[in-house]
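Take a look at the structure set out below.
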Amino acid sequence: MTAWISGTTNTTAHAGAALSADYKLAEGSDISLRGLYSNFRNWGHKFVYTMNDVGLYDPTNPTGNAPAYSQDWRRPNMAVAAWLYKAST
């Protein structure tokens, strides 16, 4: 018999900013700047313990049924940025 114990942890963080500025040089002219920035982190950790029944012990292969541990780390970091500059006279 084999048994698994597993679990996950997740941490998310998000930061962003938006900017908008308009300036008029003269009557009928227009200059504008707009921007957006966003940063998203979706971090996580998964672990698995695998345990085997002692009744499956094989003396010719002493490590074949040993308990095992594995883990998986996620560290994605996604960022988006956009800028728009407009000028008319």
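Just so you know, in segment 48-66 the residues that are in contact with a Phe, Trp or Tyr (Cβ under 7 Å, 6 or more places away or on another chain) and not β-branched (Val, Ile, Thr) include one that is modelled with the highest pLDDT, and it is Tyr49.
Would you check if Ala87 is assigned to a strand (DSSP E or B) and modelled with pLDDT of 80 or more? Judged against the criteria, Ala87 is a match.
When the residues of segment 28-43 are filtered to those that are modelled with pLDDT under 85 and of a type in the set (Gly, Ala, Ser), the one that is farthest from His14 (Cα to Cα) is Gly28. For segment 1-49, the tally of residues that are over 30 Å from Ala82 (Cβ atoms), in contact with an Asp or Glu (Cβ under 6 Å, 6 or more places away or on another chain) and surrounded by 14 or more Cβ atoms within 10 Å (Cβ to Cβ) stands at 1.
The values are calculated or read from the model by the stated rules, or taken from the named source; none is laboratory data. Keep in mind the model is a prediction, meaning the values are calculated, not measured. Virtual Cβ from ideal backbone geometry, glycine too; neighbours counted across all protein chains shown.
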